[in-house]
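This report concerns only the one structure given below.
The values are calculated or read from the model by the stated rules, or taken from the named source; none is laboratory data. Owing to the predicted nature of the structure, the values given are computational and were not obtained by experimental measurement. Heads up, the Cβs are rebuilt from the backbone with ideal geometry, glycines too, and the neighbour counts pull from every protein chain shown.
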Number of protein chains: 2
Amino acid sequence: MSGEDNLLRLVEAEEPDENNYHLQDQVGFILRKAHQRHVSIFAAHIGDLTPPQFAALAKLYDIGETSQNQLGTLIAMDAATVKGVIDRLKARGLVELSKHEVDKRRLLVNLTPEGREAIERLIPLARTITEETLAPLTAKETATFLRLLAKLA
Amino acid sequence: MSGEDNLLRLVEAEEPDENNYHLQDQVGFILRKAHQRHVSIFAAHIGDLTPPQFAALAKLYDIGETSQNQLGTLIAMDAATVKGVIDRLKARGLVELSKHEVDKRRLLVNLTPEGREAIERLIPLARTITEETLAPLTAKETATFLRLLAKLA
DNA sequence: TTGATATCATTTGCATACGAATGAATTTGC
DNA sequence: GCAAATTCATTCGTATGCAAATGATATCAA
């Protein structure tokens, strides 16, 4: 049927060595699957927060108050995306917003005490999530993988 | 300010060696950024199709007609997601749907001639996208990276 | 100083992504 | 052979993710 058609077309076209395109070998596809697996592991350990929400809290915990836009840059989210994430964290009382005194364009974001409590409680779980995500690799492989992944990111 | 507070809390709590949690070192965060970069490269080369849409077409081209559900399994999308992707491909005339004669639950998906044309035209671009995504790595690093990434996916 | 640019935030529209619930059809297990 | 469990597809709700357009403010440059 369709498979035979494909083979026929292949022979007719005399395509080069690596003729067949296999989706499952493409870096983009595997990257997407690896990311999916990580998100799934994350959800299994931290059910009431998404990875982007966690990233926002963790970064605020790390650097303290900053503008929404700057936060977005630091956690690799565009302005529209970060707004949604911060809106939801604000609705749950984990962050609070205020206006920048000097630059009236800026919206400052900071952890509330509840947000600080939450992130302090969650960071140990996040370490577990990282471990579980990397569990299929040996320690040496993990180091290599993270080095190469960082080059691509 | 907040940074000093963090330092203080750290000293008070006498946390172990790896005390600070750095988001930018976590595998999940870097994975997300690497994926983002790939999608961006994809969009720069193939503007009128998303990676999931391309994946659906490429898989149909590879294996021929199959059920929507089976296709979802093969391209790592849940039922709800694959439905949306197929709906949009159908609306553009790139795939066609039919009912399975025997198993009335199944919805068969196949490429249209236009869909076949499209995917044949796009596969060379996809190879370029893969190359560009992996460009920061040497050939040896690429091989290592893909091997380890596959273990995680 | 003022006109052009740039930055910050918001909004809209579209496209994944997935959990949960539902309904139809099939398969299993006894 | 029939009830229970499973499979396939759909729908709903929520949450990223990004392009593009808009408005407000700030900065730059002639």
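Criterion first (assigned to a helix (DSSP H, G or I), at the interface with chain A (Cβ under 9 Å from one of its Cβ atoms) and in contact with a strand residue (DSSP E or B) (Cβ under 9 Å, 6 or more places away or on another chain)) does B:Ile123 satisfy it? Answer is no for this residue. For region A:103-125, the set of residues classified as touching a His at 6+ places or on another chain (Cβ under 8 Å) and within 22 Å of A:Ser40 (Cα to Cα) consists of A:Leu125 only. Exactly one residue among B:Ser40, B:Ser67 is polar (S, T, N, Q), at pLDDT 95 or above and more than 26 Å from A:Asn20 (Cβ to Cβ), and that residue is B:Ser40. Screening A:Lys99 against (1) under 16 Å from the mean Cα position of the chain (by Cα); (2) more than 8 Å from chain B (Cβ to nearest Cβ) leaves a single unmet condition, (1). Among the residues of region A:87-141, those identified as exposed (fewer than 12 other Cβ atoms within 10 Å of the Cβ), farther than 30 Å from B:Lys151 by Cα, away from DNA strand C (no atom under 12 Å from the Cβ) and not charged (D, E, K, R) are A:Ala91, A:Pro113. Considering only residues in region B:26-80 that are closer than 25 Å to B:Asp103 by Cα, facing chain A (nearest Cβ under 9 Å) and assigned to a loop (DSSP other than H, G, I, E, B), the one that is farthest from DNA strand C (Cβ to nearest atom) turns out to be B:Gly64.
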